[in-house]
Amino acid sequence: PAPRSLLFCGVHRSVVLRGQEHLVLRIAGVSFMLHQIRHMIGTALAIAHGLVPRDTLALALRSPLQVDISPLAPGAGLLLDEIRWFDLGKRAEDLAFPPSAHAAAEAFKEASLYPHIAER
């Protein structure tokens, strides 16, 4: 893959906070640029809400030029959920933290972060 390649992007699961559904996306790539995730989420939201035609995204992705088709998603609603390291040569991934730390992080998100996000 190229030095900055998107390997995967999709909905991992949903979380309901105060009756409102929020999506947890899984995005995997090789090196991200500043605000790249916020641009991706902003574009997805703009298309989903009919602000940007879907075919505009395909044109932007094929263009060798930088095409700004949507606003940045606000950083306040985005949460880095997990870090995994992917070895392209071995085609294998490892969690950056042991499973016990992952379980503690999940409990912290459920008890503290998700309620805080729901208040906004």
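Readers should treat all values here as calculations from the given coordinates under stated rules, not as data from a laboratory. Values in this document were obtained by computation on a predicted structure and should not be read as measured data.
Only helical DSSP H runs with n ≥ 4 go in: add -39500 (n - 2.57) per run for the chain, normalise by residue count and round the 222 nm mean residue ellipticity to 500 deg cm²/dmol.
Theoretical 222 nm ellipticity from helices: -9000 deg cm²/dmol.
If each residue of separation counts as 0.36 nm, what is the full-extension length gain between His22 and Trp85 once their alpha-carbon separation is subtracted? Don't skip to the answer; put the middle values down first.
Numbers: separation 63, 0.36 × 63 = 22.68 nm, distance 2.53 nm.
Value of the extension gain: 20.1 nm.
Rounded, prolate or oblate: which one fits segment 48-88, using the alpha carbon gyration tensor with axes a ≥ b ≥ c (rounded when a/c is under 1.5, else prolate when a/b beats b/c, else oblate)?
Details: a/c = 2.54, a/b = 1.39, b/c = 1.83.
It comes out oblate by the Cα gyration axes.
Using a ≥ b ≥ c from the Cα gyration tensor of the chain (square roots of the eigenvalues), is it rounded, prolate or oblate, where a/c under 1.5 gives rounded and otherwise the larger of a/b and b/c decides, a/b for prolate?
On the way: a/c = 2.48, a/b = 1.19, b/c = 2.09.
Here the chain falls in the oblate category.
Can you bin segment 56-120 into rounded, prolate or oblate? Criterion: square roots of the alpha carbon gyration tensor eigenvalues sorted a ≥ b ≥ c, rounded for a/c under 1.5, prolate for a/b above b/c, oblate for the rest. Walk me through the numbers before you get to the answer.
On the way: a/c = 4.85, a/b = 1.30, b/c = 3.71.
Since a/c reaches 1.5 but b/c is at least a/b, the shape of segment 56-120 is classed as oblate.
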